[in-house]
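The values are calculated or read from the model by the stated rules, or taken from the named source; none is laboratory data. The structure presented is a predicted model; accordingly, all values stated were derived computationally and were not measured. Neighbour counts are summed over all protein chains in view; Cβ atoms, including those assigned to glycine, are modelled from backbone coordinates with ideal geometry. We work out accessible area using only protein heavy atoms, side chains counted, and drop any ligands, DNA or RNA first. Shrake-Rupley method; radii C 1.70, N 1.55, O 1.52, S 1.80 Å.
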Amino acid sequence: MESGLDHRSARALLEWHMALGADECIQDSPIDRYALPDTAPAVARKAVAPVVAEPQRPQIVPMAQVDTVAEAERAAAGATDLAGLRAALEGFEHCDLKRGARNLVFADGMAGARVMVVGEAPGRDEDLEGRPFVGQAGQLLDRMLAAIGLAREATDREAAVYITNVLPWRPPQNRDPDAGEIAMMRPFLERHIALARPDVLILMGNHACDALLQRKGILRLRGQWAEAVGLPAMPMTHPAYLLRNPAAKREAWADLLAVQARLREGA
Ligand code: URA
């Protein structure tokens, strides 16, 4: 179809739509809905012609108050292994993010690895693949881990790494997780760590620190050992931040060396 747009403008427009969250083409050719005849109101008027003369009192139906954090705690506590935890998340219906996501993003790497990385939330690539950290930030994460001899494909617990996120479903338009979502998903995350039994945690970015240390301010927290759910935890700047701020890679390298040293000491 001829649009009159040159290829650069067409690409910019497409990228703009993607930034707004459009990730699927639902028809082969676009419809300019502003140019369509305005027929909808007439149809709507016909459809809503009053049938009942008597005015009805609006019914007030009380909303059931669900304590979603308590529900999450119950569901997470009932899981006795990682497959059970995954099933519990698949059956958990209280988080609205689930309805907008294509896939549950549970984890990747080897459960039982000495190192467990906790990121923020899936982005577009992770949502499509159902695996954490597979986009650009994930590729940088893999290179960072490789620099200290760790790989998600490794099968022995010394060299392996296990990766998950605070949120298992993609937030719309990759917005930040909100406090309610973090509180609701925390019981699952804590159970996930307990069942995966790592020696050391790496907390990637502010939201991982918020969820597991109840602290924010990653630029102050990074590089200092903390304790999360009874384990040594190293807060680090998120690989997405490092992609935007390459000068911060020097500090990230120092943090990785601190993790490596701790592992050598026996953690
Ligand atoms: N960023 C994250 O924090 N997690 C992912 O899985 C991908 C990007």
Classify segment 212-267 as rounded, prolate or oblate from the Cα gyration tensor: take a ≥ b ≥ c as the square roots of its eigenvalues, call it rounded if a/c is under 1.5, otherwise prolate when a/b beats b/c and oblate if not.
-> oblate
Could you give log10 I(q)/I(0) at q = 0.23 Å⁻¹ for segment 63-140, computed by the Debye formula over C-alpha point scatterers of equal weight, without solvent?
-> -1.22
Å² of accessible area per residue within segment 62-115, as computed with a 1.4 Å probe and no ligands counted = 55
For the pair residue 173 and residue 83, the simple spin-label estimate (label points 7 Å beyond Cα toward Cβ) gives in nm 4.1
Based on the Cβ-Cβ distance from residue 248 to residue 128, what FRET efficiency comes out when R0 is 30 Å, to the nearest 0.05?
-> 0.60
May I ask you to give the percent of accessible area on segment 131-241 that is carbon plus sulfur, with a probe radius of 1.4 Å?
-> 46
Packing-based order for 165-171, 134-140, 175-181, using average beta carbon neighbours within 10 Å, highest first = 165-171, 134-140, 175-181
Gain in length, residue 35 to residue 257, computed as 0.36 nm per residue apart minus the alpha-carbon separation, to one decimal in nm?
-> 73.9 nm
